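Let me begin by presenting the structure, written as C-alpha cells, before commenting on it.
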Amino acid sequence: MQVKLALPKGNLLSPTSVLLQNAGLEPSGYDEEYRSYRPQCHGFPDLFLKVFHEKDIPIQVAIGNYDLGICGRYWVEELLAKYPSSALVKVLDLRYGKSSLCMASSKSVKLKSIKDLEAKVGTIHIATEYPNLAESFALSLRLRRFSIFPVWGAADVYPPENADLALISLAAGSPLDQRLFSVSSILSSSAVLIAHRNSWQSKDLSSLLERLHAAANVKEATSESAESQEDRTKESRSGSLRQDADIRLGLPDGHQQEPTLEFLGKAGITIQDRVADPRRPGINIKGASAKVIRPQDMPLQVANRNFDLAITGEDWLYDHLYRFPSSPVTELLKLGFGKVRIVAVVSNKLPVDSPQGLRQLLRNGSLSALRIASEYTNVADKYARDNHLSPYRLIPTWGASEAFLPEDADLLIENVQTGQTLAQHDLKIIDTIFQSSACLICNANPPGDSAQLRRMDRIIQTLQQAINEN
C-alpha cells in the first residue's frame, strides 16, 4: 500500500528533513541542496515523497492527491476558514517552525487596539497573504466596513499608505517592523502533520505515524509564547515614517530586483538606504518615493491608485488584464530586461507535442479532464479556452510548479529562460504562449494635479532615454 506525503520547501525544509531522519525514513535529496521534487525514502519503501510550496500542501491533501502533508498551521487554518468542511484532519503538532499571525497597524495612525478598530469610521483596509483568516478576524469583531486586500507577500509594507492593517506571520524571535504596532495576535503556529480524511480512515498509517510522533517528541520546543513575542515587538526601536510623496514608484522584490536596480542606475536613478530600509528605500528624485513589493501585486496596486508608476513583468500585467479586461492599468514602456517565455509544459511521458495533441487526448477519452497547474491562473484559463482544451480544471500554485507534473497535473503554464530546469525534471515545452520582459506601468486615468503629471513625465522620459541608449 503506497502512502503519499507532501513535504514543504522554504523555511520548513531543514527541520522537516531532520524530522524524517530522526523518524528513520532516511530521505535522500531532501535538504538545502536538494535538486529533486521527488526525494527518495529508503527507510519506508512504500512512502512516496514530493516537495511543494508550503501554501499548496493543504490543498493537495484536501483534494486527496496526498494522504499526508507537513506545513505551517496557518495555511491549514487559512483553507479551513473558507472551506470548513474540507477533508482535512490535523494529526500532529510537530513543535518546530514556531510563528504567530499578527494583525499590525502603523505607529503613525490611531489604531492601537481592538477598541480603536471597532470605533473607526469608514472602511478598514487589510493587506495580507491570508485573506480568509483576515476576513474571519474582521467578521468576529463585527467591524462596520472592511476591505481585504490579498497580496502575494510583503504585506507589512502596505500600512499606512495603502492599508490600515496588515495580517502578517512572524517567526518566533523575529521582531515586528519598527514602523508597525501589534494590534492583536491572531494565531500561534508551528509545523503540523495533516491527513486526508479518507486516507486517515481507510489506510493503515499507524507505523508511519508512530515514527513521526516519536521523532517529533525528541525535537526541542521553543518556550517563547505569542504573548512574549508581542511584548518584545512593542519594545522594538521606533523610527520616523517617510511622508508620502507626490509620485509613488513601485519596485519589484525577488529575482527582478537586481536587474531593476541596475537599469535604474544606468538611467541615473539611485536607490538608497536599501540595507537600513529594504522596503521603503530612498530615491534621488525630488517629489518621489519608492516602495518594494511583489511584482505579482503591481498591476492591482496601480489599478487602485496606490502607485503612480510601477515596474513589473508583462507576464503579471497580462495575467491581471485577462482577469480584469476593463482595468485602467496600461503599459508605458518595455524596459528590455527580465526576458522570459510563458510556455505550455507537459511531462515527457505524455505522448503530445502541441495543444492539438492535448485536445485529441481529451476527445478520445485518454484524459477525462485536463488538470492545469500555474501561478498564472488567468493566463492558463485563457489558454485553455483559446485552444478548446475542455473539460479542464485549474490548479493555482504558489511556486515549485514543475513539481506538479505528471502526478498532480497534466499541463503546466510556466515562465522559462533557457528551459534547462524543465529538462532536468523530465518536462517538455509544447507551446510558447508569449514573450515577457520587465515593463513600466501606470493608471490610464492620469492624476488631476499638473505638478504630478510633470514629475511622472520626467521619470518616464528618463527611463525612455536609458532604453534608447542600451
Worksheet entry | Under 25 Å from LYS115, Cα to Cα: lysines that are on another chain or at least 8 residues apart | LYS107, LYS234
Discussion item. Restricting to Cα pairs below 8 Å that are 6+ residues apart, what does the relative contact order work out to for the chain? Please round to a whole percent.
Written reply: 14 percent
Worksheet item: What does the charge dipole of segment 340-436 about its Cα centre add up to, to the nearest 20 debye, if the Cβ of each Lys and Arg holds +1 and the Cβ of each Asp and Glu holds -1?
Response: 300 debye
Discussion item. Using only the Cα atoms of segment 99-189, what semi-axes does the equivalent ellipsoid have when each is the square root of 5 times a gyration tensor eigenvalue? Give whole Å, largest first.
Written reply: 18, 14, 13
Response to the item:
With the label point 7 Å along the Cα-to-beta-carbon line of ASP353 and a cut-off under 18 Å to each amide N, the hits in segment 401-429 are 423, 426-429
Worksheet, complete the sentence: Over 29 Å (Cα to Cα) among LYS9/LYS339; LYS98/LYS339; LYS112/LYS286; LYS9/LYS428; LYS334/LYS382 -> LYS98/LYS339; LYS112/LYS286
Worksheet item: So, by mean Cβ neighbours within 10 angstrom, what's the order for 318-327, 126-135 with the highest one leading?
Response: 126-135, 318-327
Worksheet item: So how strong a dipole does segment 331-370 carry about its Cα centre when Lys and Arg Cβ are +1 and Asp and Glu Cβ are -1, to the nearest 20 debye?
Response: 40 debye
Item to complete: Give the residue from PHE137, PRO396, ALA81 lying farthest towards the positive end of the charge dipole for the chain; charges sit on Cβ (+1 for Lys and Arg, -1 for Asp and Glu) and the dipole is referred to the Cα centre.
Response: PHE137
Worksheet item: Just the Cα atoms of segment 21-69: what Rg and Dmax do they give in Å?
Response: 11.4, 30
Item to complete: Mind checking which of ILE372, GLY287, PRO252 is farthest towards the positive end of the chain's charge dipole, using Cβ charges of +1 (Lys, Arg) and -1 (Asp, Glu) about the Cα centre?
Response: GLY287
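How large is the charge dipole for the chain, taken about the Cα centre, if only the Cβ atoms of Lys, Arg (+1) and Asp, Glu (-1) carry charge, to the nearest 20 debye? Please list the in-between numbers first.
Values: 52 positive and 54 negative charges, 185 e Å.
Charge dipole of the chain: 880 debye, to the nearest 20.
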Worksheet item: Quick one: Debye curve from the C-alpha atoms of segment 270-377, no solvent, what's log10 I(q)/I(0) at q = 0.18, 0.20, 0.23 Å⁻¹?
Response: -1.00, -1.12, -1.28
Discussion item. Can you tally the net charge around PHE263? Count Lys and Arg as +1, Asp and Glu as -1, for every other residue whose Cβ sits under 13 Å from the Cβ of PHE263.
Written reply: 0
Discussion item. Please report the equivalent ellipsoid semi-axes of segment 154-208, computed as sqrt(5 x eigenvalue) of the Cα gyration tensor, largest first, in whole Å.
Written reply: 38, 13, 8
Fill in: Length-normalised contact order of segment 340-436 in % [C-alpha pairs under 8 Å, at least 6 apart]
50 percent
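Fewest Cβ neighbours within 10 Å first, please rank MET103, MET456, MET1, MET298 accordingly. Can you show the working numbers first?
Numbers: MET103 23, MET456 20, MET1 8, MET298 26.
Fewest to most other Cβ atoms nearby, the residues stand as MET1, MET456, MET103, MET298.
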Worksheet item: What spacing in nm lies between the two simple spin-label points modelled at GLU26 and ALA369, each 7 Å away from Cα in the Cβ direction?
Response: 4.1 nm
Item to complete: Give the Debye-formula value of log10 I(q)/I(0) at each listed q (0.06 Å⁻¹), with one equal scatterer per alpha carbon of the chain, two decimals each.
Response: -0.30
Worksheet item: Hey, any idea what Rg/Rh is for segment 340-436, computing Rh the Kirkwood way over Cα pairs?
Response: 0.92
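Rule-based calculations on the coordinates, nothing more; no lab input. Model, not experiment: these values are computed from the prediction. Glycine gets a Cβ as well: all are built from the backbone with ideal geometry, and neighbour counts include every protein chain shown.
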